[in-house]
């Protein structure tokens, strides 16, 4: 790890000043940032720890919806009674992170901002896994890579909470010394066009400060498929949110995780449910629609079937029905 200067501001104003003065990186829980520094993917001259900034913490509910501070830990959010009762999709994604260490250290903001887990990226071949002007991914070790997007980026978004937050129409608040802006969660994730582009809509002098989930009665669920239960990322995730008219679906949001460089929204799957009674048949039809445009690589075709099943089971869970 390269030597660096460490700062621990207690206000956002102090943090912005520290970020503006040179090559700096934000540290929250540190579960990803420290690994990146050890691997020399990030080599900041200054690390700015924002955990001591009180306004970045806390979970609160108002008539407008749920506010989640960016420095709230997985454990804190997972044990929140309102999240358990009203946002089972978010709670399921939190429960899926089985490591007690990560639950206690990892933050909500850090989860949304974490870098790809692609082994080509982590071993110095860049976001696109390039060597000698050609991507190593399509014909290489790609069993955990994207089945949507079609390149040139083939990594998958590593965020555990992103799919659920997008399905719930959440927004993130981003602040800098110059002011603040609100970004829909689906727009926060970016498919990079080159190695200098980040996978998130966050500039070097900005900090993600909070997540806002709008109020409203919505049935929601997340279903994950994992190779193993401990210390692992899902192979595929499906998060869904449903607005109902009695027993029929008025509108739906279906978002797949770990299948593309960004959480993947399936409008076709959602449209297939409108006006339908949600049962095994309609859920299976939606699952098929969700993967209709998949483009698997040489070793990850299995993800197509997993995604289809994950969508079906998430929908039935949201409706309170067994798969």
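Side notes on the structure shown:
- Estimated inter-spin distance, residue 81 and residue 177, nm [label 7 Å along Cα→Cβ]: 4.4
- Region 180-200 and region 275-320 have Cα centres lying 26 Å from one another.
- Once the chain from residue 20 to residue 268 is taken as fully extended at 0.36 nm per residue, the excess over their C-alpha distance is 85.0 nm.
- Taking only Cα atoms of region 146-268, radius of gyration then Dmax in Å: 15.6, 49
- Exposure proxy ranking for 11, 237, based on other Cβ atoms within 10 angstrom of each Cβ and starting from the fewest, stands as 11, 237.
- Summary of packing: across the peptides 15-25, 217-227, the per-residue average of other C-beta atoms within 10 Å ranks them, highest first, as 217-227, 15-25.
- Adding -39500 (n - 2.57) for every DSSP H run of four residues or longer, then dividing by how many residues the chain holds, sets the calculated 222 nm ellipticity at -7500 deg cm²/dmol.
- Hydrodynamic estimate: the Kirkwood radius of region 204-323 over Cα pairs, inserted into Stokes-Einstein at 4 °C and 1.567 mPa s, corresponds to D of 86 µm²/s.
- Descending semi-axes in whole angstrom, ellipsoid equivalent of the chain, from the Cα gyration tensor: 32, 25, 16
- In plain terms, the C-alpha convex hull of region 106-184 casts an average shadow of 7.3 nm² when viewed from every direction.
- Cα centroid of region 1-54 to Cα centroid of region 69-120, whole Å: 21
- Cα gyration tensor, region 157-209 - rounded (a/c under 1.5), prolate or oblate: oblate
- Each 10 Å bin from zero up to the one holding the largest Cα-Cα distance in region 9-89 carries the following percent of pairs: 16, 38, 29, 16, 2.
- Computed FRET value (nearest 0.05) for residue 288 with residue 46, which takes r as the C-beta separation and R₀ as 35 Å: 0.10
- Convex hull volume of region 126-170 per residue (C-alpha atoms, cubic angstrom): 94
- Ranked 34, 102, 68, criterion: other C-beta atoms within 10 Å, fewest first: 34, 102, 68
- Rule-of-thumb Rg ratio for region 177-233 [Cα; 2.2 N^0.38 Å; N residues]: 1.58
- Here's the picture: a label point sits 7 Å out from the Cα of residue 123 along the beta-carbon direction, and within region 184-203 the residues with their amide nitrogen under 20 Å of it are 195.
- Within region 8-99, percent of DSSP bridges classed antiparallel, to nearest 5: 50
- Remark: 155, 148 ranked as 148, 155, counting other beta-carbon atoms within 10 Å and listing the fewest first.
- Based on the Stokes-Einstein relation at 20 °C and a viscosity of 1.002 mPa s, and on the Kirkwood radius from alpha carbon pairs, region 69-200 is assigned a translational diffusion coefficient of 131 µm²/s.
- The chain: angle of helix 302-318 to the longest principal axis, Cα-based, in degrees nearest 10: 70
Coordinate-derived values only; no laboratory data. Source: prediction; values computed, not measured. Cβ atoms come from the backbone with ideal geometry, glycine included; neighbour counts cover every protein chain shown.
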